[in-house]
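Beneath this line is the structure, given in structure tokens, with notes to follow.
The values are calculated or read from the model by the stated rules, or taken from the named source; none is laboratory data. Predicted model, so just to flag it, every value in this text is computed and none were measured. Neighbour counts run over all protein chains shown; Cβ positions are idealised from the backbone, glycine included.
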Amino acid sequence: MASSNNYDAIILGAGGAGLMCALTAGQRGKRVLVIDHATGPGKKILISGGGRCNFTNVNATTTHAQERYLSANAHFAKSALGRYTPQDFIDLVNAHGIAFHEKTLGQLFCDGSARQIVAMLMAECDKSVAFGGRVDFVFDAPVGEVTHDGSDYHVTYNGVRAQGAAFVIATGGPSIPKMGATAFAYDLARQFGLKIVEPRPALVPLTLGGDDVLFRELSGVSSEVVAKHGKAAFREAALFTHRGLSGPAVLQISSYWRPGDQVEIDFLPSLDATELLLSEKRARPRATLRSTLDRVLPARLAEALAAKIGLLGNLADQNDRNLVGAGTLLGNWPFVPNGSEGYAKAEVTLGGISTDGLSQKTMEAKKMPGLYCVGEAVDVTGWLGGYNFQWAWASGVAAGEAL
Ligand code: FDA
């Protein structure tokens, strides 16, 4: 090596994907430099899962990849996910004695703290020395220009110039800018001839306007629902907020929603609402729509829905056709959100560096040898619940094994 600033690989971004890439390459004997403008590693890992990091999902496998990862190329993620599985990450977590539990729907969380995951990844980077490799870190380092001289990549930061035979873009997407998230990955990718699939906020609360503003009065009310958009449907909690709708069911459906689209909410996922109203009419003719809904929904939600549907009087006073109409509405309540809370509140970014220009096996740019793109920066976005970290780990490993 010509100088101490000469590396086998320079990785930009010390998030989940960058760290996993670094430790994999380091343990293959590579000398790696990781540069980040944040003050320390894994900032998003630290805040994830309410501080407990939902570090993977047991279902983040090739079997489910096509359905649970959104990308212009539905098959792209399978290769990396198939070679580095949730069980591989669980083995690593176990090897570090980190206790964890399954919360729901295959989502694995630390019992203790997300800090354990960051410490584990940093310890694995340190282990590189035992394999003849090394991972150096530079934090608090805004990156200047990145150039390629035909064989090496040159990166300037804090007035220093480093060079590496390989260069990895692991700077994530623009979600949560106040944490230092940027769209820098896209600028770099474009600079090296890669295309960008239009990015947009995902896993994000949706906002309500027009007549639906009335629902904002329910701020704080949560209820299990099925949120639907086209063929996508998620049965989980929805939460009314002072701006609109949130909660896991709504965050999930937000990844499928585009401005102007309608989403539908089934407020009674365990029941056939029409059957409920018709049978109540016969069993309790003096019940009202409100009192019937009160028995199966949070009181404030029951009140709001009954008021919106507006069937006055007892159920006995209603003809069956009106009750069928009300039941149908309760099972498919249409909302046309007037927007989302945007990157400020989005857990992830849909779109990003187009997979067209990347090898699915190594994450290397097809036309730019030595350039790799990993993690959220790439046009692969998972469902809520550990899928996005599994993609960060798996794509990081795929590149780390290749560079
Ligand atoms: P990530 O964004 O983590 O890392 C990118 C790194 O690049 C950062 O360290 C950043 O500072 C650095 N960087 C950016 N621009 C730069 C520049 N211009 N110069 C230098 N450095 C730069 N997923 C999941 O599976 N389970 C979960 O529990 C959660 N929970 C969660 C909560 C919240 C609040 C958010 C916002 C997100 C989640 N996620 C999640 C999503 C998950 O955090 C995300 O998908 C991964 O962190 C992506 O990892 P990356 O390494 O690709 O990017």
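Considering only residues that are more than 15 Å from the ligand (Cβ to nearest atom) and either in a loop (DSSP other than H, G, I, E, B) or touching a strand residue (DSSP E or B) at 6+ places or on another chain (Cβ under 6 Å) (or both), which ones fall in the stretch 99-133?
Residues satisfying the conditions are A99, S128, G132, G133.
For the stretch 21-54, give me each residue that is touching a strand residue (DSSP E or B) at 6+ places or on another chain (Cβ under 6 Å) and either more than 7 Å from the ligand (Cβ to nearest atom) or free of Cβ contacts under 8 Å to residues at least 40 places away in the same chain (or both).
At the first step, the residues of the stretch 21-54 found to be touching a strand residue (DSSP E or B) at 6+ places or on another chain (Cβ under 6 Å) are 21-22, 25-26, 30-35, 49, 52-54.
Passing the criteria: C21, A22, A25, G26, K30, R31, V32, L33, V34, R52.
When you go through (1) within 28 Å of D379 (Cβ to Cβ); (2) away from the ligand (no atom under 16 Å from the Cβ); (3) in contact with a Phe, Trp or Tyr (Cβ under 7 Å, 6 or more places away or on another chain) one by one for L208, which number turns out not to apply?
Going through (1) within 28 Å of D379 (Cβ to Cβ); (2) away from the ligand (no atom under 16 Å from the Cβ); (3) in contact with a Phe, Trp or Tyr (Cβ under 7 Å, 6 or more places away or on another chain) one by one, L208 breaks only (1).
From the residues in the stretch 159-188 that are small (G, A, S) and under 21 Å from the mean Cα position of the chain (by Cα), which one is nearest to I253 (Cα to Cα)? Full working, then the answer.
In the first step, residues of the stretch 159-188 are kept if they are small (G, A, S); the result is 159, 162, 164-166, 170, 172-173, 175, 180-181, 183, 185.
Checking which are under 21 Å from the mean Cα position of the chain (by Cα) leaves us with 170, 172-173, 175, 180-181, 183, 185.
Details: A170: 26, G172: 22, G173: 19, S175: 17, G180: 26, A181: 23, A183: 24, A185: 26 Å.
It comes out as S175.
Of the numbered conditions (1) buried (at least 22 other Cβ atoms within 10 Å of the Cβ); (2) outside the structural domain of F76 (by TED's automatic domain parsing), I353 fails exactly one; give the number of that condition.
Condition (2) is where I353 drops out.
Hey, among V336, V380, V374, which residue is within 21 Å of A249 (Cα to Cα) and in the same structural domain as N54 (by TED's automatic domain parsing)?
On the way: V336 fails: in the same structural domain as N54 (by TED's automatic domain parsing); V374 fails: within 21 Å of A249 (Cα to Cα).
None of the others qualify; the one that does is V380.
Go through (1) away from the ligand (no atom under 11 Å from the Cβ); (2) without any contact (Cβ under 8 Å) to a residue 12 or more places away in the chain one by one and return the number of the condition A166 breaks.
Failing condition for A166: (2).
Could you please tell me which pairs satisfy a Cβ distance under 8 Å, a separation of 6+ or placement on different chains, a first residue in the stretch 312-331 that is more than 14 Å from A273 (Cβ to Cβ), and a second residue that is surrounded by fewer than 13 Cβ atoms within 10 Å (Cβ to Cβ) and of a type in the set (D, E, K, R)?
Hits for this filter: N314/R286; A316/R286.
Quick one: which residue in G51, G40, G106, G97 is modelled with pLDDT of 95 or more and in contact with a Ser or Thr (Cβ under 8 Å, 6 or more places away or on another chain)? So that I can check it myself, show each step before the final result.
Working: G40 fails: in contact with a Ser or Thr (Cβ under 8 Å, 6 or more places away or on another chain); G106 fails: in contact with a Ser or Thr (Cβ under 8 Å, 6 or more places away or on another chain); G97 fails: in contact with a Ser or Thr (Cβ under 8 Å, 6 or more places away or on another chain).
It is G51.
Only residues in the stretch 111-138 that are closer than 19 Å to G13 by Cα count as the first member; pair them with residues that are among the aromatic types (F, W, Y), Cβ under 7 angstrom, at least 6 apart or cross-chain, and list the lot.
From residues that are closer than 19 Å to G13 by Cα, the pairs are I117/F55; V138/Y157.
Quick one: which strands (runs of 3 or more DSSP E) sit completely within the stretch 1-57 and have at least 1 residues that are surrounded by 23 or more Cβ atoms within 10 Å (Cβ to Cβ) and of a type outside the set (A, V, I, L, M)?
Those strands (runs of 3 or more DSSP E) span 6-12, 54-57.
Of the residues G172, G144, which is assigned to a loop (DSSP other than H, G, I, E, B) and either within 12 Å of the ligand (Cβ to nearest atom) or surrounded by 18 or more Cβ atoms within 10 Å (Cβ to Cβ) (or both)?
Numbers: G144 fails: assigned to a loop (DSSP other than H, G, I, E, B).
Matching residue, one of G172, G144: G172.
Can you find, within the stretch 326-350, the residue that is surrounded by the most Cβ atoms within 10 Å (Cβ to Cβ) among those that are touching a strand residue (DSSP E or B) at 6+ places or on another chain (Cβ under 6 Å) and among the hydroxyl-bearing types (S, T, Y)?
T349
Mind telling me which of the residues D320, D356 ends up being over 26 Å from the mean Cα position of the chain (by Cα), acidic (D, E) and modelled with pLDDT of 95 or more? First the steps, then the outcome.
Numbers: D356 fails: over 26 Å from the mean Cα position of the chain (by Cα).
Exactly one of D320, D356 is over 26 Å from the mean Cα position of the chain (by Cα), acidic (D, E) and modelled with pLDDT of 95 or more, namely D320.
Which is under 21 Å from V348 (Cα atoms), crowded, with 16+ Cβ neighbours inside 10 Å and in contact (Cβ under 8 Å) with a residue 12 or more places away in the chain, of L297, L218, L245, L289?
Details: L297 fails: under 21 Å from V348 (Cα atoms); L218 fails: under 21 Å from V348 (Cα atoms); L289 fails: under 21 Å from V348 (Cα atoms).
Exactly one of L297, L218, L245, L289 is under 21 Å from V348 (Cα atoms), crowded, with 16+ Cβ neighbours inside 10 Å and in contact (Cβ under 8 Å) with a residue 12 or more places away in the chain, namely L245.
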